[in-house]
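Below you'll find the structure, written out as structure tokens, and then a few comments.
The values are calculated or read from the model by the stated rules, or taken from the named source; none is laboratory data. Predicted model only: the values in this text are computed from it and were never measured. Cβ: placed from backbone, ideal geometry, glycine included. Neighbour counts: every protein chain shown. In case anyone asks, the SASA skips ligands and DNA or RNA and just uses the protein heavy atoms, side chains included. Shrake-Rupley method; radii C 1.70, N 1.55, O 1.52, S 1.80 Å.
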Amino acid sequence: MSHTLQIEVDPFLCATQEREISGELVYEKLQRIQGDIESSSDPIKANLQFSKVGKFVVLTGRISTNLVLQCVACLGSIEFPVDIEVKLAVINDESLVNLLPDGYEPYLLDGDRLSISEVVEDEVVIVLPDFARHEICPIDLPKNSASKDFSLEPDRKKNPFEVLKSLKKH
């Protein structure tokens, strides 16, 4: 699978043709999540199929990868496997949301072209944790103020008005 997902398609034409799109997105091509994952992450692989359900254009398939995130506590690496089942109904009007076929999530199309890489990144963003953290960090972190490494005392800064005190006495 060496095809890139950096393409824009006409979803209505693709649905009529029941087109299948397979490929991968490498770290360097990511737009939205590049800052949230480490460059050692695997490419994001996707296998997507356009079709129609009733009058709706639907996009189904699978997105998978193994991302590397940074732990907010110890700053170490965390492997984060991703396996997403995609079931989207492409719509261009929000009023159609209540009419979608059962089991499909809406994907609001802005214009007449659909960027496959944006769809893939949007789906991955949904599953990313707000704060990546190990269940148990591999390094020992201070647990509370009783830990020997814990320091509650703030750095003492020199008061800029201290000089004025000496002037007031004279």
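Of note:
- Of all residues in region 103-112, those satisfying the criterion of being in a loop (DSSP other than H, G, I, E, B) and either within 22 Å of G61 (Cα to Cα) or at pLDDT 90 or above (or both) are G103, Y104, L109, D110, D112.
- Count of residues meeting criterion [closer than 20 Å to E18 by Cβ and either open to solvent by less than 40 Å² (accessible area, probe 1.4 Å) or among the hydrophobic types (A, V, I, L, M, F, W, C) (or both)] in region 54-84: 7
- Matching residues, region 120-136, being within 13 Å of I37 (Cα to Cα) and loosely packed, with under 11 Cβ neighbours inside 10 Å: D130, F131
- Filter result for I139 (open to solvent by 80 Å² or more (accessible area, probe 1.4 Å), under 30 Å from G61 (Cβ atoms) and modelled with pLDDT of 70 or more): no
- The combined condition, being at pLDDT below 85 and not basic (K, R), is not fulfilled by S117.
Matching residues to (1) open to solvent by 80 Å² or more (accessible area, probe 1.4 Å); (2) touching a Leu at 6+ places or on another chain (Cβ under 6 Å); (3) in a loop (DSSP other than H, G, I, E, B); (4) over 26 Å from G103 (Cα atoms):
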site	(1), (2), (3), (4)
T16	yes, no, no, no
G23	no, yes, no, no
I33	no, no, yes, yes
E38	no, no, yes, yes
K45	yes, no, no, no
L48	no, yes, no, no
K52	yes, no, no, no
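- Count of region 85-102 residues which are assigned to a loop (DSSP other than H, G, I, E, B), open to solvent by 70 Å² or more (accessible area, probe 1.4 Å) and over 21 Å from S115 (Cα atoms): 1
- V57 being among the β-branched types (V, I, T) and either part of a strand (DSSP E or B) or modelled with pLDDT of 90 or more (or both): yes
- Residue in region 48-61 that is free of Cβ contacts under 8 Å to residues at least 24 places away in the same chain, more than 30 Å from D140 (Cβ to Cβ) and in contact with a Lys or Arg (Cβ under 9 Å, 6 or more places away or on another chain) present: no
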